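Read through the structure below, which is laid out as structure tokens, and then see the notes.
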């Protein structure tokens, strides 16, 4: 069979047509491929098989049934399909807003609720709890967010500097990104915000951070995001939008939940640090007192 003679649509059709004739294990593999096409370009056959809860040999059998001799040929079809997708959907989302211009507030509350309710579930809370343990025990905690994610990274860093004295925001300003990353080591934890569309700066930074052997926590939109390729903990928060850009509401909520769990687990030492910081700010006149 000639390389790339099929499209991903052709493969989906073949999987659907042959599904009832597949063995039980091959059906599991086929169903996973149908439901998770975005993962095929990102991962090895062993990872895909593991995610599908089948043996790698089962995935090989499925690929052979589709007419491919090697996984690389199969994977290249999905790489081609992914390369034809738009980098972002800003314009199409904006077009939808124009079509609803007569009722701009319709459904916005429902979208906000959906963005938050879809982001937080038992799996999310489990990963947050794991992340908290690593953050408390880290020698230093770095927070990274590029482009639109910088605002969320700044907010989380602002919250953390009350509770974790070793928290540091990677700013990447004035060309200093690589210099800031160079300070990271294997005793550190790096929390990365990587909402889609993932910026080139984020992927390059993750590559460099991985080489420093730091523990990486990634908050992104989907488990299939390219940002997860180097992650030790992945927190998927969805990609709902009320305008043309993915909502940052789940990332703000994640930051606040994360800090609340840190305080709850941090004990008196963390409470004393917050109280000391609060007293210092009051003494310096950082905030206006009520009724002043």
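The values are calculated or read from the model by the stated rules, or taken from the named source; none is laboratory data. These numbers come from a predicted model, not from an experiment. In this analysis, Cβ positions are derived from the backbone assuming ideal geometry, glycine residues included, and neighbour counts consider all displayed protein chains.
Can you confirm whether residue 213 is modelled with pLDDT under 80 and over 18 Å from residue 130 (Cβ atoms)? No, not satisfied. Residue-level check: of (1) under 27 Å from residue 32 (Cα atoms); (2) part of a helix (DSSP H, G or I), residue 234 misses just (2). Among the residues of segment 126-141, those that are free of Cβ contacts under 8 Å to residues at least 60 places away in the same chain and either within 18 Å of residue 250 (Cβ to Cβ) or touching a helix residue (DSSP H, G or I) at 6+ places or on another chain (Cβ under 9 Å) (or both) comprise 126, 141.
Listed residues 154, 162, 120; which is in the same structural domain as residue 256 (by TED's automatic domain parsing) and without any contact (Cβ under 8 Å) to a residue 24 or more places away in the chain? It is 154.
Would segment 221-230 turn up any residue that is within 19 Å of residue 150 (Cβ to Cβ) and touching a helix residue (DSSP H, G or I) at 6+ places or on another chain (Cβ under 7 Å)? Scanning segment 221-230, I find at least one residue that is within 19 Å of residue 150 (Cβ to Cβ) and touching a helix residue (DSSP H, G or I) at 6+ places or on another chain (Cβ under 7 Å), so the answer is yes. For the criterion of being modelled with pLDDT of 90 or more and either outside the structural domain of residue 227 (by TED's automatic domain parsing) or surrounded by 15 or more Cβ atoms within 10 Å (Cβ to Cβ) (or both), residue 134 passes. Residues being modelled with pLDDT of 80 or more, more than 14 Å from residue 62 (Cβ to Cβ), in a helix (DSSP H, G or I) and out of contact with any helix residue (DSSP H, G or I) (no Cβ under 6 Å at 6 or more places or on another chain) are entirely absent from segment 21-34. Somewhere in segment 242-254, is a residue in contact (Cβ under 8 Å) with a residue 12 or more places away in the chain, surrounded by fewer than 18 Cβ atoms within 10 Å (Cβ to Cβ), touching a helix residue (DSSP H, G or I) at 6+ places or on another chain (Cβ under 9 Å) and under 21 Å from residue 130 (Cα atoms)? The answer is yes; a qualifying residue exists.
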